[in-house]
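Everything below concerns the one structure shown next.
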Amino acid sequence: MYKITKSEQLSENEYDFWIEAPRIAAKAQPGQFVILRINDNGERIPLTIAETDPSNGTIRLIFQVIGKTTAELSKLNTGDSILDLTGPLGMPTEIKNYGTVLIVGGGVGIAAIYPIVKGLKQAGNRVITILGAKTAELVILQEECRYYSDELIITTDDGTLGVKGLVTEAMEQVIAREIINCSWAIGPSMMMKFCTLTASKHEVPIYVSLNPIMIDGTGMCGGCRVTIDGNIKFACVDGPEFKGTDVNWDEFISRMKQYTDEEKQCLTADQKVQVTPHG
Amino acid sequence: MARRSRTKTPIAEQKPAVRKSNFDEVCLGYTIEEGQAEAIRCLQCKDAPCIASCPVMIDIPGFILAIKAGDMQEAADILGRYTNLPAICGRVCPQEKQCEQVCKLGKAKNFEPVAIGKLERLVADWALENQDFSTLSQSTQPKIGKIAVIGSGPSGLTVAGDLAKLNYEVIVYEALHDAGGVLTYGIPEFRLPKRIVKKEIQSIEALGVTIETNVVIGKTITMDEIMNEFDACYISVGAGAPNFMGIPGTALNGVYSSSEYLTRINLMHSYEFPKYDTPIKRSKNVVVIGGGNVAMDAARSAKRLGAEHVSIVYRRSLEELPARIEEYHHSVEEEINYHWLTNPIEYMNDGHGNLNGVKCIKMELGEPDQSGRRRPVPIKNSEFTIEADTVIEAIGQGSNKVLLSTFPELKLTKWGYIEADPKTGETSIPGVFAGGDIVTGAATVILAMGAGKVAAVQIDKYVQEKKQTPVTTKV
Ligand SMILES: Cc1cc2nc3c(=O)[nH]c(=O)nc-3n(C[C@H](O)[C@H](O)[C@H](O)COP(=O)(O)OP(=O)(O)OC[C@H]3O[C@@H](n4cnc5c(N)ncnc54)[C@H](O)[C@@H]3O)c2cc1C
Ligand SMILES: Cc1cc2nc3c(=O)[nH]c(=O)nc-3n(C[C@H](O)[C@H](O)[C@H](O)COP(=O)(O)OP(=O)(O)OC[C@H]3O[C@@H](n4cnc5c(N)ncnc54)[C@H](O)[C@@H]3O)c2cc1C
Ligand code: FES
């Protein structure tokens, strides 16, 4: 069992947990993730390791409520435990001094870029970070990202914080004014696809982190497969980070919808269970 | 003494019409009386060819004699000396190609061999019901050494059990949340109930073995740490990485690897969705590619999930089918269709990213290839399409790379498996032993167990010798 040492709600649908997992805390690198299962009937779901505290033996997970498992997770409190937690999984981000780097995080993807921002800053890069979200309250980890960035740009769809507009517009402006040696974009698939188009238009190398549906996370089922530069790769062991320009985006986006119907059914079944006590 | 029957004592099975819509076990097993009737058929040959053809050399005539005498405890004790997983072997071993194939009774005209596998199962099930594992005596002597076992499939469990019996401290590390390897995530409930797997694993834990789940060696713990902390280690990570044919349409929704399909069903209980949270597609028309046990398991699982039409597409003919013949017969009884001498060439898109058919081509058998089997060659202009909303590729697995990619010092074969001496389990690195599918490529439960038995003896020898040399060297 893995104990939740701290839980906090960040916004209407986003939660921030610290969980006891000393072995994982000691090993995790930026770009890696865990797979967890809440209880015996549960699904195995992947979440990025947003931060670690090796001295306390804890890891930080930030997640958005999407379906049944994340909804159940959000109901747990400090002191509660989850049944299974495995990691750190996936290949770490290649952290080194590139020069000037541009890092774009969208929505809950900000949780995944935060360790990369921190790592690249500590490796001596000049770090420009763009955080984007629908509205002000969804721009998570602002202070943490600001602390490790030479420049922080915020964009929101509704203009409630920072610049009104899309992250790709902010990217264009940064690329227009200075030389970017490498870039990262993590967020919704559509955002990553368009960030890739923007970066590649200006010949800036770009890495994205793919979040396909996973089961084991150890390269054993092939469920997380993605087409990278024409070859089948398993995101859990070969990735989750890939060169954005190598990703077959249409296929990736289509495969994310595999279980939409079943997942709806699962969520409704869950809600039925919850409403029964009230009659 | 009763006259020796020519044929095996019949065994009760769930009727095909009933079982094809449930995941309960197909074969119901012998009663003790039926087992005794079958045991009488054994000739008790002095030279017992059955023993020699068993990869773990079980004293087969010995335990059969005990059944005949009605002494189930004695039968269980005999089995327990050779195997830690008899209820599993009694169910999934390819008996027809091992012990039963060489049975002298079976060589006599018009006689069937003794049903050795079914008798093994009878004894093992009796032991699981009647023996209390918690009272098994664990030695209080100081431990000889500390051994890490990586992977909790049949190979790892066997080496762990045997080393615990030799008084070692053994920790088994398993990447998934449940132990058992393919026994847990691959072979379906209707052939191997998970309750049986769990019980046999408990019997190994009762010997003093610790199993830690959710630990991925190479990630959670590095090989360096393992080598520093333990006197020796045994790598049995299996060969679980699925291959894909790589034909157009592989990325369509509805295209599964058998590993994903079976893992969802077995490990994650998706056949009980939504009681369990992991979903699986319940399709109308399912096509399975391949002809091994894995293909059978996938096809029969699809039927049980409610598919109306399930077809197996195999590029050779029935004669070359690698699956166990018992499973083939069961599949035919369950109305699985076969397209012999056929290969898929493309998965068809319904226009929305979903599969709606499998385009196939007919094959004929040409000259023999390196494997000695005649090579299937496509017949021109013989394409046809099978309607399908799910296709499952069961065309074989490769080595599991999670650990290997972090341990480049370890010598691999040209196919990417670990190079290990089959007689000792030794790898290119002293103190590191390996066995099971990760050495042989996808094989069988009993061969994986056999490798574990061999390695246990050798690991003991290695540690004892090392302890006698004054300089302590790293593993
Ligand atoms: C490597 C990796 C790292 C991730 N890191 C984070 C993270 O740090 N924070 C976070 O909030 N989420 C992260 N995700 C996504 C997270 O795993 C999913 O949101 C979660 O599995 C949804 O589970 P559920 O049962 O709540 O929803 P489900 O009921 O399973 O799904 C509901 C809907 O979400 C979609 N969905 C299913 N699986 C995924 C997925 N893997 N990614 C995106 N959408 C999905 C489905 O298409 C469905 O429509 C990550 C995914 C991967 C692969
Ligand atoms: C669907 C299916 C049906 C089969 N049917 C039969 C049958 O009827 N009869 C028969 O004899 N054989 C059958 N087989 C083959 C048989 O199951 C295998 O040969 C056998 O399980 C191999 O045992 P193993 O111990 O080498 O590996 P596995 O059983 O594959 O176990 C390996 C274990 O190691 C774990 N692991 C991997 N990497 C790591 C890591 N880095 N750290 C920690 N743990 C790790 C895996 O999660 C897994 O649990 C079947 C196989 C399949 C897939
Ligand atoms: S999640 Fe199974 S192979 Fe990646």
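The values are calculated or read from the model by the stated rules, or taken from the named source; none is laboratory data. For clarity, every value in this text was computed on a predicted model and none was experimentally measured. For neighbour counting, all protein chains shown are included, and Cβ atoms are generated from backbone atoms with ideal geometry for every residue, glycine included. These area figures cover heavy atoms from the full protein model, side chains too; ligands, DNA and RNA do not enter into them. Shrake-Rupley method; radii C 1.70, N 1.55, O 1.52, S 1.80 Å.
Could you please let me know if residue B:421 is over 20 Å from residue B:291 (Cα atoms), acidic (Asp, Glu) and out of contact with any helix residue (DSSP H, G or I) (no Cβ under 7 Å at 6 or more places or on another chain)? The answer is yes for residue B:421. Looking at A:203, A:251, just one residue is more than 16 Å from ligand 2 (Cβ to nearest atom), part of a loop (DSSP other than H, G, I, E, B), without any contact (Cβ under 8 Å) to a residue 60 or more places away in the chain and open to solvent by 10 Å² or more (accessible area, probe 1.4 Å), and that residue is A:203.
Among the residues examined, residue A:144 qualifies as outside any loop (DSSP other than H, G, I, E, B) and either open to solvent by 40 Å² or more (accessible area, probe 1.4 Å) or closer than 30 Å to residue A:24 by Cα (or both). Scanning region B:267-279 for residues that are free of Cβ contacts under 8 Å to residues at least 60 places away in the same chain and more than 8 Å from chain A (Cβ to nearest Cβ) yields B:270, B:272. When region B:45-97 is limited to residues that are in a helix (DSSP H, G or I) and among the basic types (Lys, Arg), the one that is nearest to ligand 2 (Cβ to nearest atom) turns out to be B:91. Selection over region B:5-47 of residues that are closer than 25 Å to residue B:99 by Cα and in contact with a Cys (Cβ under 9 Å, 6 or more places away or on another chain) gives a count of 6.
Those helices (runs of 4 or more DSSP H) of region B:100-191 in which at least 3 residues are away from ligand 3 (no atom under 16 Å from the Cβ) and among the hydrophobic types (A, V, I, L, M, F, W, C), considering only elements entirely within it, cover B:116-130, B:154-165.
Could you check, for region A:90-102, whether at least one of its residues is within 14 Å of chain B (Cβ to nearest Cβ), within 27 Å of residue A:235 (Cα to Cα) and assigned to a strand (DSSP E or B)? No: region A:90-102 contains no residue that is within 14 Å of chain B (Cβ to nearest Cβ), within 27 Å of residue A:235 (Cα to Cα) and assigned to a strand (DSSP E or B). Return the residue satisfying two criteria in turn: it lies in region A:44-82 and is in a loop (DSSP other than H, G, I, E, B) and within 12 Å of another protein chain (Cβ to nearest Cβ), and of such residues it is surrounded by the most Cβ atoms within 10 Å (Cβ to Cβ). Once the filter is applied, the top-ranked residue is A:44. Against the test of being at pLDDT below 95, within 16 Å of residue A:100 (Cβ to Cβ) and open to solvent by less than 40 Å² (accessible area, probe 1.4 Å), the options A:175, A:179 yield a single qualifying residue, A:175.
Among the conditions (1) under 25 Å from residue B:297 (Cβ atoms); (2) away from chain A (no Cβ under 12 Å); (3) surrounded by fewer than 20 Cβ atoms within 10 Å (Cβ to Cβ); (4) of a type outside the set (Lys, Arg), residue B:210 misses just one, which is (1). For region A:196-213, taking the residues that are away from ligand 1 (no atom under 11 Å from the Cβ) and of a type in the set (A, V, I, L, M, F, W, C), the one that is farthest from the other protein chains (Cβ to nearest Cβ) is identified as A:204.
The conditions of being open to solvent by less than 60 Å² (accessible area, probe 1.4 Å), touching a residue at least 12 places away in the same chain (Cβ under 8 Å) and out of contact with any helix residue (DSSP H, G or I) (no Cβ under 8 Å at 6 or more places or on another chain) are not met by residue B:464. Residues that are open to solvent by less than 10 Å² (accessible area, probe 1.4 Å) and either among the aromatic types (Phe, Trp, Tyr) or closer than 22 Å to residue A:28 by Cβ (or both) within region A:121-130 comprise A:125, A:127, A:129, listed in sequence order. Just give me the residues in region A:214-236 being more than 7 Å from chain B (Cβ to nearest Cβ), open to solvent by 40 Å² or more (accessible area, probe 1.4 Å) and either of a type in the set (S, T, N, Q) or within 27 Å of residue B:186 (Cβ to Cβ) (or both), in sequence order. Answer for region A:214-236, where residues must be more than 7 Å from chain B (Cβ to nearest Cβ), open to solvent by 40 Å² or more (accessible area, probe 1.4 Å) and either of a type in the set (S, T, N, Q) or within 27 Å of residue B:186 (Cβ to Cβ) (or both): A:231, A:233. Just to be sure before I move on: is residue A:239 surrounded by fewer than 24 Cβ atoms within 10 Å (Cβ to Cβ), in contact with a Ser or Thr (Cβ under 9 Å, 6 or more places away or on another chain) and within 14 Å of chain B (Cβ to nearest Cβ) in the structure I sent? In short, yes. Look through region A:2-53, keep the residues that are in contact with a helix residue (DSSP H, G or I) (Cβ under 7 Å, 6 or more places away or on another chain) and of a type in the set (Gly, Ala, Ser), and return whichever of them is nearest to residue A:212 (Cα to Cα). Out of the qualifying residues, it is A:31.
Residues of region A:105-120 include at least one that is in a strand (DSSP E or B), touching a Gly at 6+ places or on another chain (Cβ under 7 Å), open to solvent by less than 10 Å² (accessible area, probe 1.4 Å) and closer than 26 Å to residue A:160 by Cα.
Evaluation of residue B:215 against the conditions (1) in contact with a strand residue (DSSP E or B) (Cβ under 6 Å, 6 or more places away or on another chain); (2) over 20 Å from residue B:446 (Cβ atoms); (3) open to solvent by 10 Å² or more (accessible area, probe 1.4 Å); (4) not aromatic (Phe, Trp, Tyr) shows that the sole unmet condition is (3).
Looking across region B:181-191 at every residue that is within 12 Å of residue B:263 (Cβ to Cβ) and touching a Ser or Thr at 6+ places or on another chain (Cβ under 9 Å), the one that is most open to solvent (accessible area, probe 1.4 Å) is identified as B:185.
Being within 12 Å of chain A (Cβ to nearest Cβ) and in a strand (DSSP E or B) is the filter here, so list the residues in region B:220-262 that pass it. The answer is B:221, B:241, B:242, B:253, B:255, B:256, B:257.
Here residue B:433 does not qualify as crowded, with 18+ Cβ neighbours inside 10 Å and in a loop (DSSP other than H, G, I, E, B).
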